[in-house]
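What follows is a single structure, written as structure tokens, with notes after it.
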Amino acid sequence: MIQIAVFSDVHGNLPALDSVLKDIEERGIHQKFCLGDLVDFAPWGNEVTEKIKKMNIPCLLGNHDERIAFDIPVVPLSKHSEEETNARFVAIDHSKKHITEENKKFLSELPFHLKLNYKVGKKHWNIQLVHSSLSSNDTYLYESEDDEVFENMLKDSQSDIIVMGHTHLSFKKKFENGKWAVNCGSVGRSKEENRLASYLILTIEEERISPEIVQIAYPLAETVRGIEESDIPDYYAFFLKNQKVSEI
């Protein structure tokens with residue numbers, strides 16, 4: 001039996017990342033993979049990036065990492081309110097100003113995809129890691145998508161399981177052929193009602209591969225205080241507390 005941990009979308013939230021890494025360590029899981037988006041929305045983008053580097057955790061290029069590394073212009077998204085659009089512009093600009101050149105270089109060199117192959121007994125398992133999809137790191141694929149979307153991704157990647165992040169909403173979908181599409185959720189900016197830090201454990205055996213979504217609490221007050229004491233809009237502190245600015 002082999003176990004690996006996969007996490008995504010830290011978004012500068014160092015307290016959440018530390019809690020997830022501690023939980024993984026306490027479970028005795030040694031192999032860890034990150035699906036990207038280390039930066040934006042909380043003030044520890046440099047610290048998060050440096051921790052991933054120091055721990056040699058393989059990491060993909062998230063859309064936010066790419067935007068900061070290559071200074072890509074911010075484009076408003078139709079799904080965002082005016083309030084979130086304004087906050088997003090300020091938060092991303094904060095990262096562009098504060099992420100070090102060394103860390104921007106590191107982000108610019110991250111791979112787009114990662115394919116893993118594990119042999120357990122006589123069985124080879126292929127695991128495809130993406131930030132959001134095979135063709136893009138900025139495509140929103142939700143659990144409600146037609147099964148064919150994920151089945152085509154599994155077929156195209158010739159994998160037994162495809163693991164993604166990006167939407168900040170975890171899910172597991174198993175298909176008739178025993179293959180899986182899984183979203184590991186978000187470490188640092190969960191959009192789920194509980195706002196807990198989320199990550200994935202894959203248990204790989206000769207007979208099966210089993211995904212488990214793990215959600216844990218972290219020092220939320222520390223993250224909220226860090227945002228409020230920075231130039232990042234308080235919108236993101238209220239978001240993590242599951243509140244709207246209009247309620248404050």
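Yes/no matrix, rows are residues, columns are (1) outside any helix (DSSP H, G or I); (2) under 30 Å from Ile2 (Cβ atoms); (3) open to solvent by 80 Å² or more (accessible area, probe 1.4 Å); (4) out of contact with any Gly (no Cβ under 8 Å at 6 or more places or on another chain):
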site: Arg88; (1), (2), (3), (4): no, no, no, yes
site: His94; (1), (2), (3), (4): no, no, no, yes
site: Phe106; (1), (2), (3), (4): no, yes, no, yes
site: His124; (1), (2), (3), (4): yes, yes, yes, yes
site: Gln128; (1), (2), (3), (4): yes, yes, no, yes
site: Ser132; (1), (2), (3), (4): yes, yes, no, no
site: Asn137; (1), (2), (3), (4): yes, yes, no, no
site: Ser144; (1), (2), (3), (4): yes, no, yes, yes
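Among residues of the stretch 138-162 that are farther than 23 Å from Cys34 by Cβ, none has a beta-carbon under 9 Å from a residue that is modelled with pLDDT of 95 or more and assigned to a helix (DSSP H, G or I) at least six positions away or on a different chain.
If you go through the stretch 70-86 and pick out every residue that is in a helix (DSSP H, G or I), within 21 Å of Thr139 (Cβ to Cβ) and free of Cβ contacts under 8 Å to residues at least 40 places away in the same chain, you end up with 1. In this entry, Leu21 is excluded by the filter for residues that are in a helix (DSSP H, G or I) and open to solvent by less than 10 Å² (accessible area, probe 1.4 Å). Scanning the stretch 154-205 for residues that are assigned to a loop (DSSP other than H, G, I, E, B), open to solvent by 20 Å² or more (accessible area, probe 1.4 Å) and among the charged types (D, E, K, R) yields a total of 8.
For every residue, the table says whether it meets (1) at pLDDT below 95; (2) within 29 Å of Leu240 (Cβ to Cβ); (3) out of contact with any Asp or Glu (no Cβ under 9 Å at 6 or more places or on another chain).
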{"site": "Asn137", "(1), (2), (3)": "no, yes, no"}
{"site": "Ile161", "(1), (2), (3)": "no, no, yes"}
{"site": "Ser186", "(1), (2), (3)": "no, yes, no"}
{"site": "Leu200", "(1), (2), (3)": "no, yes, no"}
{"site": "Pro211", "(1), (2), (3)": "no, yes, yes"}
{"site": "Ala217", "(1), (2), (3)": "no, yes, yes"}
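Could you list all residues from the stretch 39-54 that are more than 13 Å from Ile227 (Cα to Cα) and acidic (Asp, Glu)? Result: Glu47, Glu50.
The values are calculated or read from the model by the stated rules, or taken from the named source; none is laboratory data. Quick caveat, the model's predicted, so the values are computed rather than measured. Counting neighbours? That spans all protein chains shown, and the Cβs are built from the backbone with ideal geometry, glycine included. In case anyone asks, the SASA skips ligands and DNA or RNA and just uses the protein heavy atoms, side chains included. Shrake-Rupley method; radii C 1.70, N 1.55, O 1.52, S 1.80 Å.
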